[in-house]
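Engineer: This is the structure I want to talk about, given as structure tokens.
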Amino acid sequence: MERTTLDLWVGIFVVAGIASLVMLAMKVGNLGTYNVSDAYQVHAYFTNIGGLKPKASIKSAGVLVGRVTDITLDTERYQAKVVMSLDKRYLFPKDTFANILTSGLLGEQYIGLMPGGDDQMLKNGEQLKKTQSAIVLEDMIGKFIYNKAEEPAK
Amino acid sequence: MPADKAIKGIGHRVIDAVWRIGKASRFFFLALLYSGSGFRRFHLIIKELFSTGVMSLIIIIVAGLFVGMVLGLQGYETLKRYGSESALGGMVALSLVRELGPVMAALLFASRAGSAMTAEIGLMKATEQISAMEMMAVNPIARIVAPRFWAGVISMPLLAAMFSAVGVFGGYFVGVVQIGVDEGSFWSQMQAAVDFREDILNGVIKSFVFGIVVTVIALFEGYDAPPTAEGVSGATTRTVVTSSLAILMLDFVLTAIMFRGS
């Protein structure tokens with residue numbers, strides 16, 4: 001079959017289309033940013049997760065180390081069970097502290113890990129024992145108003 | 001009685017519309033059925049890819065660039081009120097990848113390539129080229145319709161992807177280069193907000209569906225056009241109007257299915 005300039009143009013068109021798809025996937029989407037294949041799973045119980053969602057990031061010292069994979073309600077303890085998958089490159093001591101934090105004042109919520117001093121490291125399937133729940137703005141405002149009401153009138 | 005006539009008129013129109021929908025469905029089915037022989041003549045698809053895809057490149061790129069730039073400007077103005085200009089990247093990318101890319105590209109495609117398809121096939125019919133083909137025992141659906149159908153279906157997602165990609169750069173140009181939003185937060189917010197499967201793949205599926213719908217409407221209108229100059233012009237108008245409405249309505253349905261809010 002003969003090659004024509006038409007084929008060249010169609011080739012350019014298809015290559016440009018696929019290139020923009022790849023660019024969308026890698027540069028715009030999250031496909032290029034985080035690879036969950038080399039990961040281990042740990043879980044933790046929180047009394048209140050606030051607005052935490054699956055796929056929220058897990059950070060330690062501000063560095064992205066994993067993602068939340070699953071959130072369920074444990075009906076035996078009536079607490080939220082959060083399963084996280086962490087990058088294999090980062091190991092954490094057993095007494096690591098898990099906090100639900102908010103990026104910015106109204107930003108999305110993420111889990112912050114604060115490593116403890118244990119010399120044993122967390123393994124796949126283990127539990128993070130020390131957790132702190134999300135700060136719920138309504139609760140804080142409620143407490144504030146309650147405290148104000150208790151103050152003796154001046 | 002005028003009321004009598006009006007009711008008759010409405011009934012006539014409704015029956016006519018249902019008739020045409022049935023005919024269009026049969027046409028779509030036939031186009032799929034004879035696609036096999038269309039693929040055997042692959043050079044025909046290449047030729048149609050050139051006239052539908054490559055010729056739409058410039059309008060798609062220019063439109064994408066400007067839509068992205070407008071999104072950058074408007075998004076900045078709005079987000080500034082909440083002090084979260086850094087989320088601009090995520091906003092621009094999400095609106096492009098989820099909605100504006102597929103929808104705008106499909107609308108442009110319908111008016112740029114769809115109308116041309118209808119006019120071409122309508123004129124072929126008016127000048128009795130289609131009857132001539134049938135006379136020579138060449139199936140016009142396999143020879144004319146199927147290659148155009150596949151060319152439209154292939155080029156639509158690619159055009160939509162290009163629209164979104166160029167739009168992101170338009171937003172980048174206005175947001176980062178001109179206004180001065182932090183470049184790092186622009187890209188990182190974008191990557192945090194856009195999910196590959198949830199957003200990008202759903203956008204591609206949308207544009208794929210739009211590609212099918214727009215090309216089927218364009219081809220059917222052309223094939224069904226009365227073989228007169230007036231008939232072809234009316235069919236071309238109907239192509240643009242019907243496919244634009246179909247795109248917008250389908251977009252709502254698809255959005256409701258895909259992003260029901262988790």
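Engineer: Check B:PHE149, B:PHE169 and return the single one that is surrounded by fewer than 24 Cβ atoms within 10 Å (Cβ to Cβ) and in a helix (DSSP H, G or I).
Structural biologist: Working: B:PHE149 fails: surrounded by fewer than 24 Cβ atoms within 10 Å (Cβ to Cβ).
Answer to the check: B:PHE169.
Engineer: May I ask you to list pairs of residues, at least six apart or on different chains, whose Cβ atoms are under 7 Å apart, with the first in the stretch B:161-180 being within 14 Å of another protein chain (Cβ to nearest Cβ) and the second being part of a helix (DSSP H, G or I) and of a type in the set (Asp, Glu)?
Structural biologist: B:VAL176/B:GLU183
Engineer: With (1) modelled with pLDDT under 90; (2) exposed (fewer than 14 other Cβ atoms within 10 Å of the Cβ); (3) within 26 Å of the chain's Cα centre (by Cα) as the list, and B:PRO2 as the residue in question, which single condition is left unmet?
Structural biologist: That leaves (3) as the condition not met.
Engineer: Out of the residues in the stretch B:181-219 meeting the condition of being closer than 18 Å to A:SER103 by Cα and not aliphatic (A, V, I, L, M), tell me which one is nearest to the other protein chains (Cβ to nearest Cβ).
Structural biologist: So, considering only residues that are closer than 18 Å to A:SER103 by Cα and not aliphatic (A, V, I, L, M), the one nearest to the other protein chains (Cβ to nearest Cβ) is B:GLN191.
Engineer: Also, I was wondering about something else. If I filter the stretch A:128-147 down to residues being at pLDDT below 85 and in a helix (DSSP H, G or I), which single residue comes out as nearest to A:ALA56 (Cα to Cα)?
Structural biologist: A:LEU137
Engineer: Let me ask something additional. Any chance the stretch B:105-119 includes a residue that's closer than 20 Å to A:GLY29 by Cβ and touching a Ser or Thr at 6+ places or on another chain (Cβ under 9 Å)?
Structural biologist: Here is the first cut: in the stretch B:105-119, the ones closer than 20 Å to A:GLY29 by Cβ are B:105.
This time we only want the ones that are touching a Ser or Thr at 6+ places or on another chain (Cβ under 9 Å), so: B:105.
Yes, because at least one residue in the stretch B:105-119 is closer than 20 Å to A:GLY29 by Cβ and touching a Ser or Thr at 6+ places or on another chain (Cβ under 9 Å).
Engineer: Among the residues that make up the stretch A:73-85, is at least one of them within 23 Å of B:ALA87 (Cβ to Cβ) and part of a loop (DSSP other than H, G, I, E, B)? Spell out how you get there, then give the answer.
Structural biologist: So in the stretch A:73-85, the residues within 23 Å of B:ALA87 (Cβ to Cβ) come out as none.
Among the residues of the stretch A:73-85, not one is within 23 Å of B:ALA87 (Cβ to Cβ) and part of a loop (DSSP other than H, G, I, E, B), which makes the answer no.
Engineer: State which residue is modelled with the highest pLDDT when the search covers only the stretch A:1-23 and only residues that are in a helix (DSSP H, G or I) and among the hydroxyl-bearing types (Ser, Thr, Tyr). Before the answer, list the steps.
Structural biologist: Taking the stretch A:1-23 as the starting set, the residues that turn out to be in a helix (DSSP H, G or I) are A:5-23.
Among the residues that remain, those that are also among the hydroxyl-bearing types (Ser, Thr, Tyr) are: A:5, A:20.
Numbers: A:THR5: 83, A:SER20: 89.
My answer is A:SER20.
Engineer: Look through the stretch A:50-82, keep the residues that are crowded, with 16+ Cβ neighbours inside 10 Å and within 14 Å of A:GLN127 (Cβ to Cβ), and return whichever of them is farthest from the chain's Cα centre (by Cα).
Structural biologist: If we take residues in the stretch A:50-82 being crowded, with 16+ Cβ neighbours inside 10 Å and within 14 Å of A:GLN127 (Cβ to Cβ), then A:GLN79 is farthest from the chain's Cα centre (by Cα).
Engineer: So, one more: With respect to B:VAL70, determine if the residue is over 28 Å from B:ALA161 (Cβ atoms), more than 10 Å from every other protein chain (Cβ to nearest Cβ) and not hydroxyl-bearing (Ser, Thr, Tyr). Quick ask: steps written out before the conclusion?
Structural biologist: Numbers: over 28 Å from B:ALA161 (Cβ atoms): no; more than 10 Å from every other protein chain (Cβ to nearest Cβ): yes; not hydroxyl-bearing (Ser, Thr, Tyr): yes.
Spelling it out, it is not the case that B:VAL70 is over 28 Å from B:ALA161 (Cβ atoms), more than 10 Å from every other protein chain (Cβ to nearest Cβ) and not hydroxyl-bearing (Ser, Thr, Tyr).
Engineer: Looking only at the stretch B:46-64, count how many residues are over 18 Å from B:PRO102 (Cβ atoms) and either at the interface with chain A (Cβ under 10 Å from one of its Cβ atoms) or in contact with a Lys or Arg (Cβ under 9 Å, 6 or more places away or on another chain) (or both).
Structural biologist: First pass over the stretch B:46-64, keeping only residues over 18 Å from B:PRO102 (Cβ atoms): B:46-51, B:54-55, B:58.
If we keep only those that are either at the interface with chain A (Cβ under 10 Å from one of its Cβ atoms) or in contact with a Lys or Arg (Cβ under 9 Å, 6 or more places away or on another chain) (or both) too, we end up with B:46-51, B:54-55.
Selection size over the stretch B:46-64: 8.
Engineer: Let me ask another. I'd like the full set of residues that are of a type in the set (A, V, I, L, M), assigned to a helix (DSSP H, G or I) and farther than 18 Å from B:LEU100 by Cα, limited to the stretch B:213-239. If you could, list the steps in order and put the result at the bottom.
Structural biologist: So the first thing to find is which residues in the stretch B:213-239 are of a type in the set (A, V, I, L, M), and the list is B:213-214, B:216-219, B:225, B:229, B:232, B:235.
If we keep only those that are assigned to a helix (DSSP H, G or I) too, we end up with B:213-214, B:216-219, B:229, B:232, B:235.
If the condition is that a residue be of a type in the set (A, V, I, L, M), assigned to a helix (DSSP H, G or I) and farther than 18 Å from B:LEU100 by Cα, then B:VAL216, B:ILE217, B:ALA218, B:LEU219, B:ALA229, B:VAL232, B:ALA235 are the ones that fit.
Engineer: Here is a follow-up. How many of the residues making up the stretch A:129-154 are farther than 30 Å from A:MET84 by Cβ and not β-branched (Val, Ile, Thr)?
Structural biologist: Final tally of qualifying residues: 10.
Engineer: May I ask you to verify whether B:GLY22 is over 25 Å from the mean Cα position of the chain (by Cα), surrounded by fewer than 16 Cβ atoms within 10 Å (Cβ to Cβ) and of a type in the set (Gly, Ala, Ser)?
Structural biologist: So B:GLY22 does not fit the description; no.
Engineer: Can you pull out every residue in the stretch B:198-212 that is hydrophobic (A, V, I, L, M, F, W, C) and surrounded by fewer than 23 Cβ atoms within 10 Å (Cβ to Cβ)?
Structural biologist: Keep residues of the stretch B:198-212 that are hydrophobic (A, V, I, L, M, F, W, C), which gives B:200-201, B:204-205, B:208-210, B:212.
Of everything in the stretch B:198-212, those that are hydrophobic (A, V, I, L, M, F, W, C) and surrounded by fewer than 23 Cβ atoms within 10 Å (Cβ to Cβ) turn out to be B:LEU201, B:VAL204, B:ILE205, B:PHE208, B:VAL209, B:ILE212.
The values are calculated or read from the model by the stated rules, or taken from the named source; none is laboratory data. The shown structure was predicted, so the numbers you read here are calculated from the model rather than taken from an experiment. Please note: Cβ atoms are built from the backbone with ideal geometry, for glycine as well, and neighbour counts cover all protein chains shown.
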